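Presented below is the structure to which this report refers.
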Amino acid sequence: MRIFTFIILLPTICFSQESINVEDFFNFGISAFNISENEYKSGELTFPWIEEYEFRTRTRDFEFEKQEYTLRLSPSTPGKRKAQKALSETINRTPDIEYKELRCNHVRIIYEDWLALFMIDQTLSILNKHGAILFDKQTIYNRMAGIYDFDLQKLVKLQTNLNDIKIDKDDLEMERSLIEEKYGINSKEYDFSNFITMEGLAQKLENFIQGEIEVEDEMAIYEQDLITKEVALEKAEDKQILDFAQIRYEGPHSDFLQKRISLGIGLRIPNSGNRLLKIQELELEYAAIEHEKERKELRLKEKLVRLEKQLKSKIQSVRNFSSTVEKERTQLKSLGDRIAQKEGFSPIILLDIEERHIETQLKELKLSEDLLSDYIDYLHESGRICSEYLGLQLITD
């Protein structure tokens, strides 16, 4: 079996050196993405060994000769400074999720536009064949109209069908022009030689199903990392024993022997209920994020399983349709050969057979387009479009 019977049967198009392949098209598309990522980073912070300086002075009954001065220093600790630096670095790595979502959606649009160009190319080729068949019919009917008692309604129907084909072709050309204008493309030649086939799509899908689904919620991971660093800082602060160190100078200033200098320290026994509550709150927030990540992963897996089943069903539908059409094509060709051997046969019958083949090609093309559109949805939902677009291995054989 194959992806599209009609694609294989279509004549090979000769591409010039200016023809655009999938890699060229994606390069056009990626360069058109003019939204820049937020790369603002604050400078590296240096955390002090002394966190607070406090200077106090007081008098005794307004006797300035006995003025008292006190200098108090509140120190930090190595563990606290390390925790502060780790938290600062984490804050500085805040991911730009909005940019990544916009870029991912942009890449999806590129996939959809390449699919649209492929479908336009294939449809125009089929419509050209259909138009040629109708012109042949029209020529034969014009001759028959002058000789026999001919139903002129057939000529009217042919003309309207030809007009419909022209309208469809004009619409397709306009759609292609809009895509080309969006990407700044001037060439009308496209190389679809390595466009994904039915068997290629089926194999990729099977590989996806057998592989593990990697769900990476970058913002959730970042928030958990931030909480971890905050908890580490709270615990480092809780371990600090030395609260302050101070030096006190007392008068009188007139008598050097009576000048007094004293040293003092303040110790603290960590037993803060508020800090314990803060740590508990952070740990609960961490657990809530983890549970939400698990639920999100479960929901995504269930959705992907549904999409995979739908894709497999549509693949089988296209295969069944292709097989039935192939059998019909063989039968009608055999019948047409027998008719052609009879004397005085009408070529209209053979043209009817070819027109029937054109109709089935268009139906198969529509089925394939729906399938590939769902396949792009699946790639987007699974995150593969965002992570693997550079290799273009998702839509090529």
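Filtered by the rule that a residue be open to solvent by less than 20 Å² (accessible area, probe 1.4 Å), under 18 Å from Asp217 (Cα atoms) and of a type in the set (A, V, I, L, M, F, W, C), the range 83-123 gives a lone residue, Cys104. Inspection of the range 331-350 identifies at least one residue that is over 27 Å from Ile209 (Cα atoms), assigned to a loop (DSSP other than H, G, I, E, B) and open to solvent by less than 60 Å² (accessible area, probe 1.4 Å). In the set (1) crowded, with 16+ Cβ neighbours inside 10 Å; (2) farther than 30 Å from Leu87 by Cβ; (3) out of contact with any strand residue (DSSP E or B) (no Cβ under 7 Å at 6 or more places or on another chain); (4) modelled with pLDDT under 90, Asp217 fails one condition alone, (2). Hey, can you tell me all the residues within the range 195-207 that are touching a strand residue (DSSP E or B) at 6+ places or on another chain (Cβ under 7 Å) and open to solvent by 60 Å² or more (accessible area, probe 1.4 Å)? Across the range 195-207, there are no qualifying residues. Of the candidates Leu115, Leu102, Leu71, the single residue that is aliphatic (A, V, I, L, M) and more than 30 Å from Asp171 (Cα to Cα) is Leu71.
Return the only residue of Leu178, Leu205 being in contact (Cβ under 8 Å) with a residue 12 or more places away in the chain and not polar (S, T, N, Q).
On the way: Leu178 fails: in contact (Cβ under 8 Å) with a residue 12 or more places away in the chain.
Answer to the selection: Leu205.
The values are calculated or read from the model by the stated rules, or taken from the named source; none is laboratory data. Just so we're clear, the structure is a prediction, and the values are computed from it rather than from any experiment. For neighbour counting, all protein chains shown are included, and Cβ atoms are generated from backbone atoms with ideal geometry for every residue, glycine included. Areas reflect the complete protein model, heavy atoms only, side chains present, ligands, DNA and RNA absent. Shrake-Rupley method; radii C 1.70, N 1.55, O 1.52, S 1.80 Å.
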